[in-house]
Amino acid sequence: MSTTLETVLWVIAPYACMAVFLVGHYWRYRYDKFGWTTLSTQIYESRLLRWGSPLFHFGMLAVIGGHVIGLLIPKGWTAAAGITDEGYHVMAVGLGLVAGTAVAVGLTLLIMRRRLVGPVFRATSRMDKLMYVGLALVILTGMANTVVGNVIGHYDYREGVSIWFRGLFFLDPHPELMGAAPITFQAHVLASLALFALWPFTRLVHVFSVPIGHLWRPYVPYRSRDTRMGERRGRRGWENAEDGSRTP
Amino acid sequence: MRVMAQMAMVMNLDKCIGCHTCSVTCKQTWTNRAGMEYVWFNNVETRPGQGYPRTYEDQERWKGGWTRESNGRLALRSGSRLKNLATIFANPALPGIDDYYEPWTYDYRTLTDAPLQEHTPVARPKSLISGRDMAIRWSANWDDNLAGGPELAKDDPVLRKVSDKVELEFEQSFMFYLPRICEHCLNPSCAAACPAGAIYKRSEDGIVLVDQDGCRGWRKCVTACPYKKIYFNHRTGKAEKCTFCYPRVELGMPTVCAETCVGRLRYLGLVLYDVDAVLPAASVEDEHELLDAQRRLVLDPDDPEVVRAAEKEGIPRDWIEAAQRSPIYSLINEYRVALPLHPEYRTMPMVWYIPPLSPIVDAVSETGEDAENRDNLFAAIESLRIPIGYLAGLFTAGDTGPVTDSLRRLAAMRSYMRDINLGRGTDEEIPRAVGMDGESVYEMYRLLALAKYEDRYVVPPAHAEQAHSLEASATGCSLDAEGGPGMGGPSTGGPATGGKVSLPMPRIRRPQEAE
């Protein structure tokens with residue numbers, strides 16, 4: 001049986017964060033499409049960005065890929081595919097360290113750039129700063145996991161954290177698995193949950209605009225004035241507040 | 001043949017006095033906002049000069065427009081779709097704010113708030129980017145009127161192409177102004193490069209717009225536009241561009257830049273073009289063939305076959321008539337004096353220019369010869385290698401033939417009309433020498449020299465049946481939506497309760513009598 005604290009941290013908190021994440025994105029997309037942007041500062045400064053940004057982003061793509069494999073694919077499947085535990089761990093540690101280092105170096109460059117380049121710092125909102133703290137925490141604890149779980153100690157997250165994570169989506173949470181995980185893993189999960197709750201309200205929403213469609217779409221899009229013009233059906237929330245009329 | 005309509009503009013450069021009224025009124029109307037301080041949807045460049053942003057025409061560096069690959073297909077100079085996505089995290093060819101200029105304001109408050117002191121207080125320039133005191137080193141028009149001299153002008157990419165070793169002797173230098181807006185291209189590379197697909201051409205009038213809700217700030221359009229006429233709003237993180245003043249154009253009014261042009265040098269109108277022919281025209285191998293390919297795209301609106309095809313595509317009758325009355329087709333294809341800006345970018349730009357004869361006229365009159373004499377002018381057009389080469393570098397991918405033809409026609413008009421103005425008999429030999437007749441020279445003179453308001457601007461209002469859906473005149477009932485209570489027929493007896501209240505929109509008419 002799990003304690004109350006475990007239930008709060010590893011069941012209630014994840015579901016609450018997930019709800020904020022999903023509803024928040026719906027709300028943001030519905031009411032703030034105009035604010036849905038990368039908010040690039042490249043026009044102010046290119047030299048540091050040219051290194052920092054690709055390192056961070058490509059590193060992040062690899063990290064996300066690693067998490068998909070580590071968290072979503074049950075251990076039995078990789079074993080059935082003929083990958084030994086040792087093989088898996090060498091791969092995970094190797095790629096994890098490379099990607100993690102790229103992300104950490106990239107993020108350091110980007111944060112330095114944010115702080116040191118005057119115009120970039122001036123364009124940094126309070127939400128941005130909060131987001132950077134969240135990102136840094138998640139990345140630091142994440143790298144600590146790679147070291148603690150694989151190099152110093154031996155914690156097989158695929159028999160703990162991963163099962164807990166998948167259980168959440170099958171409405172079958174196992175908080176005791178998280179309760180038994182090393183503290184760095186617990187910290188990483190909590191930091192990530194906070195970041196996910198913050199996500200819809202930051203510029204991180206641009207992650208969900210990955211323009212894959214660009215690879216196939218026709219080069220020159222045409223749009224008709226007719227269909228576009230009538231598209232705005234309702235009024236914005238605050239517009240209705242003024243005269244008290246209801247949204248059609 | 002699939003006919004579409006396109007709003008287009010022609011600018012008669014001879015008449016531009018470089019007063020920047022178009023730039024200022026455009027800025028006041030559209031870009032007078034935070035994040036847009038450095039943005040000039042309309043700017044006027046002195047040529048030779050570096051342009052705005054600096055050296056934007058150097059496509060080796062800025063990677064704008066299209067290139068033709070060896071297999072005959074067009075590719076963005078900035079790279080394939082895959083490369084476009086791979087470089088999305090840091091754009092390798094994005095102009096920085098210094099390539100435009102650091103916008104500033106002045107600390108006016110110190111003028112009134114400074115304590116009593118020995119010296120008069122001054123308003124210091126404050127950067128609108130960093131917020132700090134700054135030294136002003138560049139602006140959108142730093143090299144206005146050749147300011148900065150040969151040191152700045154030598155970096156003009158067009159001039160560098162004309163001659164590897166140009167000694168810009170100041171006493172011999174020529175100069176003219178080049179007002180620029182978005183070209184509203186038929187083959188827009190900005191739209192092609194947009195990862196989010198947020199840039200589109202309006203199918204009704206060809207105006208190229210950025211969907212502000214769809215733009216995600218990937219900045220690829222800024223690089224891909226060879227004219228650098230897409231700007232990044234650094235406050236909102238969205239791309240913005242000249243809208244051809246579509247809210248005005250929909251009501252039949254000319255754009256702000258055209259309406260306020262002091263020299264009355266802008267012409268606005270619809271042209272009909274064959275959308276299926278655009279890509280083949282933009283892909284012709286020889287760069288010197290591009291001009292003619294582009295001219296052929298602009299269809300003759302009086303050709304019955306074109307009219308039939310336009311009707312088949314649902315272009316309203318009054319729009320076809322507007323295309324027939326439009327000055328654009330005749331300037332491009334009848335008088336053949338208007339040329340596109342940098343056809344070699346293969347974007348099929350739809351803002352055309354009548355090259356300036358005045359540098360040639362000036363050169364002739366400086367020699368003490370008669371600058372309205374046909375033979376003197378023709379001879380000068382042949383002999384002034386650098387100005388002609390420069391104009392060709394701007395308008396014809398370096399082919400001096402069409403520039404010479406255009407200038408000869410303008411020169412012929414000048415000499416022919418002088419005889420009429422002096423009450424002498426006309427010399428029909430003059431128009432014949434440039435392949436025209438007296439009547440068409442006179443018509444061209446009416447269009448270019450008298451330039452009546454109603455001849456310059458033929459802007460058909462957006463069509464009446466569609467008027468209810470226009471942004472500027474919301475007259476539809478919101479209850480008429482599918483499944484709504486007001487679905488079906490038009491409402492009678494006033495607006496339905498609970499729905500949107502529609503205000504009567506005053507009909508704005510283009511002034512008919514205005515000159």
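The values are calculated or read from the model by the stated rules, or taken from the named source; none is laboratory data. None of these values were measured; they are calculated from a predicted model. Positions of Cβ are backbone-derived with ideal geometry, glycine not excepted, and every protein chain shown enters the neighbour counts. SASA here: full protein model, heavy atoms, side chains in, ligands and nucleic acids out. Shrake-Rupley method; radii C 1.70, N 1.55, O 1.52, S 1.80 Å.
On the basis of being on the phi > 0 side of the Ramachandran plot and either under 14 Å from the mean Cα position of the chain (by Cα) or more than 9 Å from every other protein chain (Cβ to nearest Cβ) (or both), does B:Lys228 make the cut?
Working: on the phi > 0 side of the Ramachandran plot: yes; either under 14 Å from the mean Cα position of the chain (by Cα) or more than 9 Å from every other protein chain (Cβ to nearest Cβ) (or both): yes.
Considered against the rule, which asks whether it is on the phi > 0 side of the Ramachandran plot and either under 14 Å from the mean Cα position of the chain (by Cα) or more than 9 Å from every other protein chain (Cβ to nearest Cβ) (or both), B:Lys228 comes out as yes.
Provide a single number: the residues in the range A:47-75 that are more than 14 Å from every other protein chain (Cβ to nearest Cβ) and open to solvent by less than 50 Å² (accessible area, probe 1.4 Å).
Initial filter on the range A:47-75 (more than 14 Å from every other protein chain (Cβ to nearest Cβ)): A:63-75.
The next check asks that each one be open to solvent by less than 50 Å² (accessible area, probe 1.4 Å); those that pass are A:63, A:65-66, A:70-71, A:74-75.
Residues meeting the conditions: 7.
Sort out which residues of the range B:414-424 are open to solvent by 60 Å² or more (accessible area, probe 1.4 Å) and not basic (Lys, Arg), and write them in order of number.
B:Ile420, B:Asn421, B:Leu422, B:Gly423
Checking the condition closer than 15 Å to B:Ser358 by Cα and open to solvent by 60 Å² or more (accessible area, probe 1.4 Å), which residue from B:Glu382, B:Glu428 passes? Before you say what the answer is, go through the steps one by one.
Numbers: B:Glu428 fails: closer than 15 Å to B:Ser358 by Cα.
Result: B:Glu382 is the single residue among B:Glu382, B:Glu428 that is closer than 15 Å to B:Ser358 by Cα and open to solvent by 60 Å² or more (accessible area, probe 1.4 Å).
Spot the failing condition for B:Gly263; the list is (1) touching a helix residue (DSSP H, G or I) at 6+ places or on another chain (Cβ under 9 Å); (2) under 29 Å from A:Val205 (Cβ atoms); (3) open to solvent by 10 Å² or more (accessible area, probe 1.4 Å), and only one is missed.
The single condition B:Gly263 does not satisfy is (2).
For the range B:176-190, check the following and say yes or no: at least one residue is of a type in the set (Val, Ile, Thr), over 30 Å from B:Gly263 (Cα atoms) and either open to solvent by less than 20 Å² (accessible area, probe 1.4 Å) or within 14 Å of another protein chain (Cβ to nearest Cβ) (or both).
Kept after step one, since they are of a type in the set (Val, Ile, Thr), are these residues of the range B:176-190: B:181.
Those still in the list that are over 30 Å from B:Gly263 (Cα atoms) too: none.
No, that holds for no residue.
Check off (1) within 14 Å of another protein chain (Cβ to nearest Cβ); (2) over 22 Å from A:Ala136 (Cβ atoms); (3) part of a helix (DSSP H, G or I) for A:Ile12 and give me the number that stays unchecked.
It fails just one condition, (1).
Just a yes or no: is a residue in the range B:231-244 open to solvent by 20 Å² or more (accessible area, probe 1.4 Å) and without any contact (Cβ under 8 Å) to a residue 12 or more places away in the chain?
no
Check B:Arg132, B:Arg160, B:Arg81, B:Arg137 and return the single one that is under 22 Å from A:Leu215 (Cβ atoms) and open to solvent by 40 Å² or more (accessible area, probe 1.4 Å). Working first, answer last.
Numbers: B:Arg132 fails: under 22 Å from A:Leu215 (Cβ atoms); B:Arg160 fails: under 22 Å from A:Leu215 (Cβ atoms); B:Arg137 fails: under 22 Å from A:Leu215 (Cβ atoms).
When all the criteria are applied, what remains is B:Arg81.
Considering only helices (runs of 4 or more DSSP H) fully contained in the range B:358-451, which possess at least 1 residues that are under 24 Å from the mean Cα position of the chain (by Cα)?
Values: elements: B:358-366, B:374-383, B:385-395, B:400-421, B:429-433, B:438-445.
Per the criteria, B:358-366, B:385-395, B:400-421, B:438-445.
All but one of (1) away from chain B (no Cβ under 14 Å); (2) in a helix (DSSP H, G or I); (3) in contact (Cβ under 8 Å) with a residue 12 or more places away in the chain hold for A:Ser2, so report the exception by its number.
With (1) away from chain B (no Cβ under 14 Å); (2) in a helix (DSSP H, G or I); (3) in contact (Cβ under 8 Å) with a residue 12 or more places away in the chain applied to A:Ser2, the lone miss is (2).
Look at the range A:77-96 and say how many of its residues are open to solvent by 30 Å² or more (accessible area, probe 1.4 Å) and hydroxyl-bearing (Ser, Thr, Tyr).
So the count comes out to 1.
Please give the number of the condition B:Arg456 fails out of (1) more than 22 Å from the chain's Cα centre (by Cα); (2) at pLDDT 95 or above.
So B:Arg456 meets the others, but not (1).
Looking at the structure I just gave you, is B:Gly217 small (Gly, Ala, Ser), part of a loop (DSSP other than H, G, I, E, B) and more than 20 Å from A:Ile43 (Cα to Cα)?
Numbers: small (Gly, Ala, Ser): yes; part of a loop (DSSP other than H, G, I, E, B): yes; more than 20 Å from A:Ile43 (Cα to Cα): no.
It is false that B:Gly217 is small (Gly, Ala, Ser), part of a loop (DSSP other than H, G, I, E, B) and more than 20 Å from A:Ile43 (Cα to Cα).
Only one of A:Thr84, A:Thr7 is away from chain B (no Cβ under 14 Å) and in contact (Cβ under 8 Å) with a residue 24 or more places away in the chain; which?
On the way: A:Thr84 fails: in contact (Cβ under 8 Å) with a residue 24 or more places away in the chain.
Testing whether each residue is away from chain B (no Cβ under 14 Å) and in contact (Cβ under 8 Å) with a residue 24 or more places away in the chain leaves just A:Thr7.
Need at least 1 residues that are open to solvent by less than 40 Å² (accessible area, probe 1.4 Å), over 21 Å from A:Leu5 (Cα atoms) and touching a residue at least 24 places away in the same chain (Cβ under 8 Å) per element, so show me which helices (runs of 4 or more DSSP H) inside the range A:97-214 make the cut, counting only ones lying wholly within it. Working first, answer last.
Working: elements: A:118-122, A:126-146, A:161-169, A:175-179, A:183-198.
By residue number, A:118-122, A:126-146, A:183-198.
Mind listing just one residue for me: the one in the range B:71-124 that is more than 14 Å from chain A (Cβ to nearest Cβ) and basic (Lys, Arg) and, of those, farthest from A:Gly59 (Cα to Cα)? Steps first, please.
From the range B:71-124, those more than 14 Å from chain A (Cβ to nearest Cβ) are B:71-72, B:105-124; that's our starting set.
Right, trim to basic (Lys, Arg) and you get B:109, B:124.
Numbers: B:Arg109: 48, B:Arg124: 45 Å.
Once the filter is applied, the top-ranked residue is B:Arg109.
Checking the structure you have, find out if any residue of the range B:284-305 is outside any helix (DSSP H, G or I), of a type outside the set (Lys, Arg) and on the phi > 0 side of the Ramachandran plot.
Of the range B:284-305, the ones outside any helix (DSSP H, G or I) are B:284-286, B:298-303.
Those still in the list that are of a type outside the set (Lys, Arg) too: B:284-286, B:298-303.
Next, from what is left, pick out any that are on the phi > 0 side of the Ramachandran plot: none.
No: zero hits.
Rundown of residues vs (1) on the phi > 0 side of the Ramachandran plot; (2) in contact with a strand residue (DSSP E or B) (Cβ under 6 Å, 6 or more places away or on another chain), yes/no style:
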residue	(1), (2)
B:Arg124	no, yes
B:Pro150	no, no
B:Leu178	no, yes
B:Gly197	yes, no
B:Arg216	no, no
B:Thr223	no, no
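Hey, does the range A:31-43 have a residue that's more than 14 Å from every other protein chain (Cβ to nearest Cβ) and open to solvent by 40 Å² or more (accessible area, probe 1.4 Å)? Give the derivation first.
Of the range A:31-43, the ones more than 14 Å from every other protein chain (Cβ to nearest Cβ) are none.
For the range A:31-43, residues more than 14 Å from every other protein chain (Cβ to nearest Cβ) and open to solvent by 40 Å² or more (accessible area, probe 1.4 Å): absent.
Here is a yes/no grid of residues against (1) free of Cβ contacts under 8 Å to residues at least 24 places away in the same chain; (2) buried (at least 16 other Cβ atoms within 10 Å of the Cβ):
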{"residue": "B:Gln28", "(1), (2)": "yes, no"}
{"residue": "B:Thr31", "(1), (2)": "no, yes"}
{"residue": "B:Tyr52", "(1), (2)": "no, yes"}
{"residue": "B:Gly72", "(1), (2)": "no, no"}
{"residue": "B:Pro95", "(1), (2)": "no, yes"}
{"residue": "B:Glu102", "(1), (2)": "no, yes"}
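Can you list the helices (runs of 4 or more DSSP H) found entirely within the range B:81-189 that contain at least 2 residues being polar (S, T, N, Q)?
Working: elements: B:81-86, B:97-100, B:109-113, B:149-153, B:157-162.
Output list reads B:109-113.
Which residues, taken from the range B:446-463, are open to solvent by 30 Å² or more (accessible area, probe 1.4 Å), aliphatic (A, V, I, L, M) and in contact (Cβ under 8 Å) with a residue 12 or more places away in the chain?
B:Ala449 - this is the single residue of the range B:446-463 that is open to solvent by 30 Å² or more (accessible area, probe 1.4 Å), aliphatic (A, V, I, L, M) and in contact (Cβ under 8 Å) with a residue 12 or more places away in the chain.
If I filter the range A:197-217 for residues that are within 14 Å of chain B (Cβ to nearest Cβ), at pLDDT 90 or above, more than 24 Å from A:Val68 (Cβ to Cβ) and out of contact with any strand residue (DSSP E or B) (no Cβ under 7 Å at 6 or more places or on another chain), do I get at least one hit?
Looking for residues that are within 14 Å of chain B (Cβ to nearest Cβ), at pLDDT 90 or above, more than 24 Å from A:Val68 (Cβ to Cβ) and out of contact with any strand residue (DSSP E or B) (no Cβ under 7 Å at 6 or more places or on another chain), one finds at least one in the range A:197-217, hence yes.
Filter the range B:278-302 down to the residues that are small (Gly, Ala, Ser) and touching a residue at least 40 places away in the same chain (Cβ under 8 Å), then identify the one that is farthest from B:Ser326 (Cα to Cα). Can you show your working first?
Here is the first cut: in the range B:278-302, the residues small (Gly, Ala, Ser) are B:281-283, B:293.
Keeping just the survivors that are touching a residue at least 40 places away in the same chain (Cβ under 8 Å) gives B:281-283.
Details: B:Ala281: 23, B:Ala282: 24, B:Ser283: 28 Å.
This residue is B:Ser283.
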